[in-house]
């Protein structure tokens, strides 16, 4: 196509230079290449941050619950039901989760102003994104509480009492 354009322009005026002949699609693609790259990079870092936050929450809560194996053993030895122990640990984890969300969401809303010029087609304080991330992290926190609590409840109370 570029050769045909050069030939037609040369037929009209031989001294008229023709350079950088590109299609409209190529021009548009070139003009949005850098913003597209920044958006992809920002999305990649966002996903990486979400995975690291989920792993961190899971690790901290799992450690705190496994650290309480001795306490869980005492509770079970004194007659606590599995459901009451599970409810206790999950409710304490939920309180920590709500505290984290109460602090984290306002801080994130303030910090979105720093990234607002990098966002395209999404408002900086997009409620769907904030709700989705909060729900995902809440599910991770509850799973992080549930899994080690179930494991600790299976331990024989006498073994847990002897555990240092």
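Numbers below:
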| read-out | value |
| --- | --- |
| Residue count for region 29-77, restricted to those that are surrounded by 16 or more Cβ atoms within 10 Å (Cβ to Cβ) and free of Cβ contacts under 8 Å to residues at least 60 places away in the same chain | 2 |
| Residues within region 5-28 that are surrounded by 11 or more Cβ atoms within 10 Å (Cβ to Cβ) and touching a helix residue (DSSP H, G or I) at 6+ places or on another chain (Cβ under 7 Å), tallied | 2 |
| Sole residue being part of a helix (DSSP H, G or I), within 19 Å of the chain's Cα centre (by Cα) and without any contact (Cβ under 8 Å) to a residue 40 or more places away in the chain, chosen from 101, 88 | 101 |
| Failed item, numbered, when residue 95 is tested on (1) surrounded by 11 or more Cβ atoms within 10 Å (Cβ to Cβ); (2) within 30 Å of residue 153 (Cβ to Cβ); (3) at pLDDT 80 or above | (1) |
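The values are calculated or read from the model by the stated rules, or taken from the named source; none is laboratory data. Here the structure is a predicted model, which is why all the values come from computation and not from measurement. Every residue, glycine among them, receives a Cβ derived from its backbone with ideal geometry; neighbour counts consider all protein chains shown.
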